[in-house]
Ligand code: URA
């Protein structure tokens, strides 16, 4: 049966759907030897040979889901030519075709799911599904209840009003004038948590994603990873189906 090429490339774990579109438009994809650079083109993987950079893709790979505790200093985009250290380096021995589900800033630590399942990645990152993500923030200044209420109601950033966030004060150090707050957001805008706290006058000194849905990091130290269990994958899929 014929399917759109970008869907087949994502299913084969070659790239996320968005990255797959770029592979196609940049002329790196061939079907039976002919370059296909038109988005929306279809092919039947049972009858045609689909290649990326001359290598045939496997449209039915074993699905892999990895939970990584991303250390600071690693970029979560797979193909960043300027990046020194990329998260895929940390899970190289598993598979070269894993890609991150969503992004964390280079200096953010914490939970990053990596998979070769393009549909899973597309669902989990789609804004419609509002998957909750919890971050532990270490902040400059002593954060008041009023500030937390502001964040809970939603604040105006340059790209619009943020959806209501859940906040939980974790601790304060009056001598150092710092606070620790957990914040749960359901959006995934660029540098969102940092921008939210900057806007209310409390720059983020350290940011760690500690939860996606109900999934926690457990004992994973920065730089360590493990395979997700079938129950954990199902738990996330239940939230987005
Ligand atoms: N919000 C941020 O500001 N940075 C991240 O890496 C993730 C969420």
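Observations on the structure shown:
- Qualifying residue in region 6-16 (condition: surrounded by fewer than 16 Cβ atoms within 10 Å (Cβ to Cβ) and within 30 Å of residue 218 (Cα to Cα)): no
- Helices (runs of 4 or more DSSP H) enclosed by region 101-203 - at least 3 residues per element that are in the same structural domain as residue 77 (by TED's automatic domain parsing): 118-125
- Selected residue [free of Cβ contacts under 8 Å to residues at least 40 places away in the same chain and touching a helix residue (DSSP H, G or I) at 6+ places or on another chain (Cβ under 6 Å)] from 48, 41, 16: 41
- The residues on offer are 223, 235, 213, 160, and the sole one that is out of contact with any strand residue (DSSP E or B) (no Cβ under 6 Å at 6 or more places or on another chain), under 24 Å from residue 87 (Cβ atoms) and within 16 Å of the ligand (Cβ to nearest atom) is 213.
- Lone unmet requirement of (1) under 19 Å from residue 235 (Cα atoms); (2) touching a helix residue (DSSP H, G or I) at 6+ places or on another chain (Cβ under 9 Å) for residue 134: (2)
- Flag: residue 34 does not match the condition of being on the phi < 0 side of the Ramachandran plot and crowded, with 21+ Cβ neighbours inside 10 Å.
- Unmet requirement for residue 76, which otherwise passes all of (1) at pLDDT 95 or above; (2) within 15 Å of the ligand (Cβ to nearest atom); (3) crowded, with 16+ Cβ neighbours inside 10 Å: (1)
- From the list 91, 47, 87, 31, the one residue that fits, being over 27 Å from residue 229 (Cα atoms) and in contact with a strand residue (DSSP E or B) (Cβ under 8 Å, 6 or more places away or on another chain), is 31.
- Matching option when the condition is more than 30 Å from residue 226 (Cβ to Cβ) and crowded, with 21+ Cβ neighbours inside 10 Å, among 174, 115, 162, 178: 162
- Among the candidates 234, 226, the residue that is closer than 30 Å to residue 94 by Cβ, in the same structural domain as residue 70 (by TED's automatic domain parsing) and assigned to a strand (DSSP E or B) is uniquely 226.
- Test: residue in region 181-190 that is farther than 25 Å from residue 87 by Cβ and modelled with pLDDT of 95 or more: yes
- Of all residues in region 176-210 being in contact (Cβ under 8 Å) with a residue 60 or more places away in the chain, more than 9 Å from the ligand (Cβ to nearest atom) and in contact with a helix residue (DSSP H, G or I) (Cβ under 8 Å, 6 or more places away or on another chain), the one that is farthest from residue 69 (Cα to Cα): 201
The values are calculated or read from the model by the stated rules, or taken from the named source; none is laboratory data. Every value quoted in this text rests on a predicted model; they were computed, and no experiment measured them. Glycine gets a Cβ as well: all are built from the backbone with ideal geometry, and neighbour counts include every protein chain shown.
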